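First comes the structure, then the notes that go with it.
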Amino acid sequence: MYASHEDVGCDSEDDTKDKKMLKPHADIDGGWAWVIVFSSFFVHILIMGSQMALGVLNVEWLEEFHQSRGLTAWVSSLSMGITLIVGPFIGLFINTCGCRWTAIIGGVLNALGWVLSASAASLHYLFFTFGVAAGFGSGMAYLPAVVMVSRYFQKRRALAQGLSTTGTGFGTFLMTLLLKYLCAEYGWRNAMFIQGAVSLNLCVCGALMRPLTSGKDRTDSAERDPPVIPTHSTESVKSNGQVGRAEGKDEVPANEEPLCDLQAQECKDSARRRRSLCAFRALKTLSQLTRKIKQGFRDWYSGYFGAASLFTNRMFVAFIFWALFAYSSFVIPFIHLPEIVNLYHLSEQNSVFPLTSIIAILHIFGKVFLGILADLPCISVWNVFLVANVTLVISIFILPWMHTYAGLAVVCALVGFSSGYFSLMPVVTEDLVGMEHLANAYGIIICANGISALLGPPFAGWIYDSTQKYDFSFYISGLLYMVGILFLLIQLCIRILAQSRKKYMADAQV
């Protein structure tokens, strides 16, 4: 549904009389497709990696503003949540501006949020500058990065998504070290200012998101452009006049005044033609932009509220319920692990090799391994997806029982590896709704993840303020996660039974 006018996956004839077989674009599964993976990889480093490293800044904000843990956690939760919640609305930008410009604008807005947050005088100021502004900019850059990878790949889509989303793991590892160093050397305010400058690289990543356009489209656009009307310059008039005089030497020399009048008239006509041509091009651009906005809004609206609404797909609705509970179980350890380490007096060991870095490194291997596994023809992507989810739930339940660094390290390794299933989410979504509706559907899924990320960490902080323990927050989030998985399993069973019934009826008719 987010198939923007500029994002075409194949060359096709517009003439409906003789429909020819669609030819795949030359860059599909190769060529510029790997540049798109490279661009998406760095988007994940700069956005998701930075957000997963916010536990470092969370400790600084607690010391600076002396607010409760629950209220302080709202800053990072707002940033994470809004990044994902705005997914459905970013589709309108993608439809009208395309993925490239949406990502570039998002990069500027994200950097501005970081820079403005450096001068925060209160925690509530950070809610707007970092939570809302930087979060919205992150959302504008994040969704195009995921959608473009899916558009450029068909055969190795799971692997491509796995490689690009490993940027989250690399980013978590690198950004945790970077923010720790910057906070120690320059203070958290200057650290956020420097991070804002680093975030401007999102604009470069967005510029690399070249839309898929066919050769025929370029030819047609060239044919539709109005021809430039040739104009005579003053020099040409002078030269013509000189030639005329050379040919008529024997005749009486012509008066200079008519020649000057002719030159002035030619200049006026040339300027008038240029103004008319500029006005015509401006009107044409305005008309095309208006048409794009109308068509983009029509596609966006029909995808959510029209007759072909995604909400009529029961399996997809179950997937939304899963997304509502899943993401907080992954985010809570990242936000609160630094404080858990302090509570258990493991700061010295954690400073040598942070637990969040263990999650990040295993997260990288998990995404690549699960992506390769899901691309195998003999293995269902759903089986890989569900097994990874169950493993993550078990890890969340076990984590509160670990009070030593070694035990926490093992559980964090399980959390990191099993959470690699995030790279399969676009593939699973495409399996449910098809490529045509992928961006619409994925926008809804990450919106549900955003709600989960928005409410999860403050809930965990509130539980700690009430009980002085993080144990119950992990238990409750794990139980909610299990409810989401049950929704998926029930609908999967219904889907399998329906397919078996159709197959049985077809065999009976034969």
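Put simply, the amide H of L212, placed in the peptide plane, has neighbours under 5 Å in V8, leaving out anything fewer than 5 places away on its chain. Evaluated over the Cα positions of the stretch 377-432, the convex hull gives a direction-averaged projected area, one quarter of its surface, of 4.3 nm².
Evaluated with a Cβ-only charge set (Lys, Arg +1; Asp, Glu -1), the stretch 390-510 carries a dipole of roughly 300 debye about its Cα centre, given to the nearest 20.
Derived value for the stretch 378-510: Kirkwood hydrodynamic radius 17.3 Å. Basis is the mean of 1/r over every pair of different alpha-carbon atoms.
Note on A184 and Q509: the extension gain reaches 109.6 nm, defined as 0.36 nm multiplied by sequence separation minus the Cα-Cα distance. Peptides 412-418, 397-403 ordered by packing proxy, namely the average of other Cβ atoms within 10 Å per residue, highest first: 412-418, 397-403.
A simple rule links phi to the HN-Hα coupling: the Karplus curve 6.51 cos²θ - 1.76 cosθ + 1.60 with θ = phi - 60°, which for the stretch 470-485 gives 8, 4, 5, 5, 5, 5, 5, 5, x, 5, 5, 4, 5, 4, x, 5 Hz, with x for Gly and Pro. Close amide H partners of D29, meaning residues 5 or more places away or on another chain with modelled amide H under 5 Å apart, are F153, Q154. Packing, as the average of other Cβ atoms within 10 Å across residues, places the peptides 120-131, 473-484, 151-162 in the order 151-162, 473-484, 120-131, highest first. Ordering C267, C378 by the number of other Cβ atoms within 10 Å of each residue's own Cβ, fewest first, gives C378, C267.
For the listed residue pairs K367/K503; K180/K469; K367/K502, the alpha carbons are over 32 angstrom apart in K367/K503; K367/K502. Rounded to whole Å, the principal axis extents of the Cα atoms in the stretch 328-428 read 48, 23, 20, largest first.
All of the numbers you see were taken from the coordinates with simple rules; none came from a lab. Note that this is a predicted model, so its numbers are computed, not measured. Using ideal geometry, Cβ is built from the backbone for each residue, glycine included, and neighbour counts are taken over all protein chains shown.
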